[in-house]
1. Checking the structure you have, find out if any residue of the range 40-59 is open to solvent by less than 20 Å² (accessible area, probe 1.4 Å), under 28 Å from Ile230 (Cβ atoms), in contact (Cβ under 8 Å) with a residue 40 or more places away in the chain and not in a helix (DSSP H, G or I).
2. For Lys76, work out the one condition from (1) within 16 Å of ligand 3 (Cβ to nearest atom); (2) open to solvent by 70 Å² or more (accessible area, probe 1.4 Å) it doesn't fulfil.
3. Based on this model, can you work out whether Thr105 counts as hydroxyl-bearing (Ser, Thr, Tyr), within 16 Å of ligand 2 (Cβ to nearest atom) and within 24 Å of Asn179 (Cα to Cα)?
4. Is it the case that the range 63-72 has a residue that's of a type in the set (Gly, Ala, Ser), open to solvent by 20 Å² or more (accessible area, probe 1.4 Å) and not in a helix (DSSP H, G or I)?
5. Given the options Ile189, Ile174, name the one that is within 16 Å of ligand 2 (Cβ to nearest atom), touching a residue at least 12 places away in the same chain (Cβ under 8 Å) and either in contact with a His (Cβ under 8 Å, 6 or more places away or on another chain) or not in a loop (DSSP other than H, G, I, E, B) (or both).
6. If only one of Ala207, Ala156 is without any contact (Cβ under 8 Å) to a residue 60 or more places away in the chain and in a loop (DSSP other than H, G, I, E, B), which one is it?
7. Mind checking which pairs have a first residue in the range 240-252 that is within 20 Å of Asp185 (Cβ to Cβ) and a second that is open to solvent by less than 90 Å² (accessible area, probe 1.4 Å) and not basic (Lys, Arg), Cβ under 9 Å, 6 or more apart or different chains?
Amino acid sequence: MSKDYLKIIQQSQVPSHVAIIMDGNGRWAKKHGKDRIEGHKAGVESVRNAVKASIECGVKYLTLYAFSTENWNRPKEEVDALMELLVFAIETEVSELNKNNIKLTTIGDIKQLPEKCYQSLINSIELLKNNTQLTLILALNYSSKWEITHACKLIAQKVKDGFLEPENITPQIIEQHLNTANIPDPELIIRTSGEYRISNFLLWQAAYTEFYFTPIYWPEFTKEEFYKAIMDFQKRERRFGKTSEQIQSEHK
Ligand code: IPE
Ligand code: IPE
Ligand code: MG
């Protein structure tokens with residue numbers, strides 16, 4: 001089944017960067033009469049599916065929104081369980097990631113995560129740093145407003161120290177100070193669970209991103225769902241402010 005989808009996907013137009021807002025673990029758990037944390041655990045299998053599908057169709061960067069700065073406001077038991085799950089998932093998956101030539105990186109303020117999470121992330125990032133097939137980017141303790149504010153502080157400091165003139169601040173300079181410096185903007189953002197919002201995710205980077213929304217809950221996310229999103233993306237005409245006629249003549 002997923003092989004059939006793969007055949008239809010046009011290899012030349014696979015987005016190089018796909019980002020996913022993995023939402024609906026809690027509602028999936030409720031639907032099945034389970035605790036919310038069981039939903040998060042079930043979501044780990046969907047992460048594997050998204051990683052495998054990315055490799056199979058040639059995506060080079062996959063960003064997964066795993067924990068937002070706003071998620072600290074959840075009940076303490078849920079936050080603690082999520083942090084434990086994160087450590088467990090990283091430690092059990094790292095050798096498989098290595099086997100599949102996957103590099104790991106993060107965006108967000110990971111220094112504020114519990115020490116154990118932080119250490120296990122740093123160790124895994126180091127172990128996988130020379131891998132080249134896919135860069136897996138985990139958004140952890142991430143929010144776009146935090147990231148942009150952080151970039152502003154770094155830039156302000158450079159101006160204050162005399163390394164930069166205010167009139168020389170360009171969009172490129174701002175990009176170089178975001179956590180995503182050197183990562184191309186995502187061409188496609190997928191959000192599961194039927195919510196139509198961005199929840200403080202990649203606000204700057206998504207200026208021209210295509211969005212794909214699906215009602216399915218994250219633990220139900222399969223490789224087929226990923227391919228469906230790619231196929232939908234390939235039907236879109238990305239105009240970047242131009243007219244449709246201009247775009248079509250550029251493709252001739
Ligand atoms: C997404 O699922 C996972 C995280 C935000 C960590 P949710 O936990 O938000 O699931 P719902 O939205 O309550 O169903
Ligand atoms: C967004 O999901 C954050 C992650 C997927 C980690 P939420 O479930 O926290 O989003 P809102 O608060 O409902 O918008
Ligand atoms: Mg949610």
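1. yes
2. (1)
3. When the stated conditions are applied, Thr105 does not pass them.
4. There is at least one residue in the range 63-72 that is of a type in the set (Gly, Ala, Ser), open to solvent by 20 Å² or more (accessible area, probe 1.4 Å) and not in a helix (DSSP H, G or I).
5. Ile189
6. Result: Ala207 is the single residue among Ala207, Ala156 that is without any contact (Cβ under 8 Å) to a residue 60 or more places away in the chain and in a loop (DSSP other than H, G, I, E, B).
7. Phe240/Ile247; Ile247/Glu237
The values are calculated or read from the model by the stated rules, or taken from the named source; none is laboratory data. Keep in mind the model is a prediction, meaning the values are calculated, not measured. Don't worry about glycine lacking a Cβ; one is built from the backbone with ideal geometry, like all the others, and counts go over all protein chains shown. When the accessible area is computed, the model is the full protein with side chains, heavy atoms only, and any ligands, DNA or RNA have been set aside. Shrake-Rupley method; radii C 1.70, N 1.55, O 1.52, S 1.80 Å.
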